[in-house]
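Novice: Got a structure for you, written out below as structure tokens; questions coming shortly.
The values are calculated or read from the model by the stated rules, or taken from the named source; none is laboratory data. Not measured: the values here are computed from a predicted model. Cβ sites come from the backbone with ideal geometry, for glycine too, and all protein chains shown count toward neighbours. SASA here: full protein model, heavy atoms, side chains in, ligands and nucleic acids out. Shrake-Rupley method; radii C 1.70, N 1.55, O 1.52, S 1.80 Å.
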Amino acid sequence: MRTRLLMSDQTLFRSIDVFEIDYVPEFFNYRESQLKDLAYQVRPALEGGRALNAICRGLPGTGKTSSVLRIFTEIEHTTRKIVPVYVNCQNDRTKYMVFSRIYAAVFGHTPARTGISIKSVLDAIGGALQRQEKSLIVCLDDANLLHYNNTLGDVVNSLLRLHQDYPGARAAVFATVSDMNLDIATELSKWVLSPFRPSDIYFPPYDAGEIRGILLDRIRIGLYPGVFSASMLDCIIEQTMESGDVRVGLDLVKRAVLNAECAARTEVVEEDITKAYAQAKHVHLACTIRALSADERLLLRRIAELSQEETGPLVSGAIYGRVEETPKVGYTVFSRQLRKLDSLRLVDLIRVQAGGRTSEVALRYEPEKVVQICGKRGVGRE
Ligand SMILES: Nc1ncnc2c1ncn2[C@@H]1O[C@H](COP(=O)(O)OP(=O)(O)OP(=O)(O)O)[C@@H](O)[C@H]1O
């Protein structure tokens, strides 16, 4: 007899790893054209030259990192003449950390901790590439996080000029950027002396059908048959489309199944998804806030505080007037930061007047939660 009850030693997951953020998906569809573009950038390096630079642009969770890592894996299986290096700028935010990461990929170990200068790390990298006649491709993932204090300009400059001190050492940069308002190429052209001229590779948000396809592939591999019905999947797709980030959908599926297990059910019901959404909402918020610069985080916190204090709608001009941080940023930078919070769906910007500069700013999350996650004022300001 088919039972609806799950025993305590039974699980609905065939493999729970399939829903973890670092899982490398077996099926990777809907990004064929971007993968082709990336492969094209690599081609000159396969022929002994320098790869072409690229900027992969798209909102969070649109497959930028996965695409670059896929191409890097293909490189590793094809040639030893190219050293692909992945740098997660959320973790490695200084020039020294970025070059240590590259050093580790070239030499197989990190540089000695004490007393070694950035210049000597770079010299060692350049020398090794020259001797071994190898070409370097560095992926700066979430490169916008290095944008402040011109770390990004310094890093790109040093890499692209490596060949000047070490003829034959060739390096290229693949930068991924989720801040759709930041024109990294123009920003860099102010700082980077060597020709950067990146190709722009755009990653549009997945539509509902594509999100369904991605989630269905994972459900097929990660869960036992019958655990997740089509109608339950529809609920998850609806929630995922709100943020546009596939990670939200994957996380919701995992949590909903865990909730079903907890209730000793053999299949997910709507209640499991509602509960999962309440649990996951803040996890997603925390991840998005973590990826902000310190100044953007302070602005978001201020908006949350003002939302608690004010009863009427908040408008951008009034928010600017009440930013307390010193030195205060100019209005143009402030507007750009606001647009970024809007593009990350942390706030909604509603134009008050056609063509005017003023917008109504509506926080999309509970202000108390935002203040709590943003942390103390003034901590870690860049
Ligand atoms: N086409 C796809 N097929 C299967 N899984 C995908 C696909 N696109 C994205 N994913 C999954 O979604 C998650 C987020 O993808 P990824 O990290 O590549 O996005 P991203 O655009 O780099 O995001 P961010 O800008 O936040 O770094 C990962 O778990 C990845 O495996």
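Novice: What number of residues within the stretch 176-231 satisfy the criterion of being farther than 26 Å from residue 270 by Cβ, part of a helix (DSSP H, G or I) and hydrophobic (A, V, I, L, M, F, W, C)?
Specialist: 4
Novice: Quick test for you: out of 80, 113, 101, 93, pick the one residue that is in a loop (DSSP other than H, G, I, E, B) and within 25 Å of the chain's Cα centre (by Cα).
Specialist: 93
Novice: Considering every residue within the stretch 170-181, establish whether at least one is within 16 Å of the ligand (Cβ to nearest atom) and surrounded by fewer than 17 Cβ atoms within 10 Å (Cβ to Cβ).
Specialist: Looking through the stretch 170-181, at least one residue is within 16 Å of the ligand (Cβ to nearest atom) and surrounded by fewer than 17 Cβ atoms within 10 Å (Cβ to Cβ).
Novice: Just to be sure, is residue 215 modelled with pLDDT of 95 or more, open to solvent by less than 20 Å² (accessible area, probe 1.4 Å) and within 16 Å of the ligand (Cβ to nearest atom)?
Specialist: Yes.
Novice: May I ask you to list pairs of residues, at least six apart or on different chains, whose Cβ atoms are under 9 Å apart, with the first in the stretch 156-175 being assigned by TED's automatic domain parsing to the domain that holds residue 122 and the second being hydroxyl-bearing (Ser, Thr, Tyr) and in a strand (DSSP E or B)?
Specialist: Once the first residue is assigned by TED's automatic domain parsing to the domain that holds residue 122 and sits in the stretch 156-175, its partners that are hydroxyl-bearing (Ser, Thr, Tyr) and in a strand (DSSP E or B) give 169/135; 170/135; 171/135; 172/135.
Novice: Which residue pairs have Cβ atoms under 6 Å apart, sit 6 or more places apart or on different chains, and have a first residue in the stretch 40-61 that is within 16 Å of the ligand (Cβ to nearest atom) and a second that is open to solvent by 40 Å² or more (accessible area, probe 1.4 Å)?
Specialist: 54/199; 55/200; 57/202; 59/205; 61/247
So that you can scan it fast, the table gives a plain yes or no per residue for (1) open to solvent by 50 Å² or more (accessible area, probe 1.4 Å); (2) closer than 12 Å to residue 106 by Cβ; (3) part of a loop (DSSP other than H, G, I, E, B):
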position	(1), (2), (3)
121	no, yes, no
127	no, yes, no
130	yes, yes, no
138	no, yes, no
151	no, no, no
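Novice: Then there is this: Out of the stretch 185-212, which residues are away from the ligand (no atom under 16 Å from the Cβ) and over 20 Å from the mean Cα position of the chain (by Cα)?
Specialist: 186, 189, 190, 191, 192, 193, 194, 195, 196, 197
Novice: Does any residue in the stretch 238-267 that is free of Cβ contacts under 8 Å to residues at least 60 places away in the same chain come within less than 9 Å, Cβ to Cβ, of a residue that is outside any helix (DSSP H, G or I) and among the hydroxyl-bearing types (Ser, Thr, Tyr) six or more places away or on a different chain, and which pairs are these?
Specialist: 240/206; 241/206
Novice: Output the residue which, of all residues in the stretch 336-351 that are within 17 Å of residue 205 (Cα to Cα) and open to solvent by 30 Å² or more (accessible area, probe 1.4 Å), is modelled with the highest pLDDT.
Specialist: Applying the filter and picking the extreme gives 342.
Novice: Being among the small types (Gly, Ala, Ser) and within 30 Å of residue 50 (Cβ to Cβ) is the filter here; which residues of the stretch 197-232 pass it?
Specialist: 199
Novice: Would you pick out the residues in the stretch 74-95 that are open to solvent by 10 Å² or more (accessible area, probe 1.4 Å) and within 13 Å of the ligand (Cβ to nearest atom)?
Specialist: 86, 88, 90, 91
Novice: Sticking with this structure for a sec: Can you tell me which condition residue 102 does not meet? The list is (1) under 24 Å from residue 287 (Cβ atoms); (2) more than 10 Å from the ligand (Cβ to nearest atom); (3) crowded, with 20+ Cβ neighbours inside 10 Å, and all the others hold.
Specialist: The failed condition is (1).
Per-residue answers, yes or no, for (1) away from the ligand (no atom under 16 Å from the Cβ); (2) among the small types (Gly, Ala, Ser); (3) over 23 Å from residue 224 (Cβ atoms):
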residue: 272; (1), (2), (3): yes, no, no
residue: 288; (1), (2), (3): no, no, yes
residue: 296; (1), (2), (3): no, no, yes
residue: 304; (1), (2), (3): yes, yes, yes
residue: 308; (1), (2), (3): yes, no, yes
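Novice: Ok, one more. Going through the stretch 251-292 one residue at a time, which ones are open to solvent by 40 Å² or more (accessible area, probe 1.4 Å) and more than 30 Å from residue 179 (Cβ to Cβ)?
Specialist: 258, 261, 262, 263, 265, 267, 269, 270, 271, 274, 275
Novice: Counting only residues that are in a helix (DSSP H, G or I) and free of Cβ contacts under 8 Å to residues at least 40 places away in the same chain, which one in the stretch 293-315 is surrounded by the fewest Cβ atoms within 10 Å (Cβ to Cβ)?
Specialist: If we take residues in the stretch 293-315 being in a helix (DSSP H, G or I) and free of Cβ contacts under 8 Å to residues at least 40 places away in the same chain, then 309 is surrounded by the fewest Cβ atoms within 10 Å (Cβ to Cβ).
Novice: Output the number of residues of the stretch 352-382 satisfying the condition of being among the small types (Gly, Ala, Ser), at pLDDT below 80 and more than 13 Å from residue 302 (Cβ to Cβ).
Specialist: 4
Novice: Identify the residue in the stretch 238-250 that is open to solvent by less than 40 Å² (accessible area, probe 1.4 Å) and of a type in the set (A, V, I, L, M) and, among all such residues, is nearest to the ligand (Cβ to nearest atom).
Specialist: Ranking the qualifying residues of the stretch 238-250, first place goes to 246.
Novice: Still on this model: How many residues are loosely packed, with under 12 Cβ neighbours inside 10 Å, of a type in the set (D, E, K, R) and either farther than 30 Å from residue 261 by Cα or at pLDDT 95 or above (or both) when one looks only at the stretch 12-35?
Specialist: Qualifying residue count, the stretch 12-35: 1.
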